[in-house]
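The values are calculated or read from the model by the stated rules, or taken from the named source; none is laboratory data. Everything numeric in this text was worked out from a predicted model, so none of it was measured. Heads up, the Cβs are rebuilt from the backbone with ideal geometry, glycines too, and the neighbour counts pull from every protein chain shown.
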């Protein structure tokens, strides 16, 4: 806003006056210029041909312990049907359960966090 006004007007302390006005103006706070480059094109992921052929999974850990001692949840989602399984786990046994289930998967997509 200062650069637009500077082309036409000028007074002593103009930059601080404009900054104070913009800081107090609700409309000026809501309207922001995007300072990031626009994102590139997205590459589509292949659509699975059969249910449970392609899955995504995530772990939710460091939860309060349940009565049976489980403190983690393994979330497995089928990409085709969006059906989800929530498996309760004990965090120290997490790697063992992971290795047992990996034999039946063909394609694995991991979510980035």
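At a glance:
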quantity: Condition check for residue 83: surrounded by 12 or more Cβ atoms within 10 Å (Cβ to Cβ) and more than 30 Å from residue 3 (Cβ to Cβ); calculated: yes
quantity: Selected residue (only one of 56, 66 is closer than 29 Å to residue 91 by Cβ, under 28 Å from the mean Cα position of the chain (by Cα) and not in a loop (DSSP other than H, G, I, E, B)); calculated: 56
quantity: Residue in region 48-57 that is exposed (fewer than 11 other Cβ atoms within 10 Å of the Cβ) and either out of contact with any helix residue (DSSP H, G or I) (no Cβ under 7 Å at 6 or more places or on another chain) or assigned by TED's automatic domain parsing to the domain that holds residue 77 (or both) present; calculated: yes
quantity: Members of region 9-28 found to be out of contact with any helix residue (DSSP H, G or I) (no Cβ under 8 Å at 6 or more places or on another chain) and surrounded by 10 or more Cβ atoms within 10 Å (Cβ to Cβ), listed by number; calculated: 16, 17, 20, 25
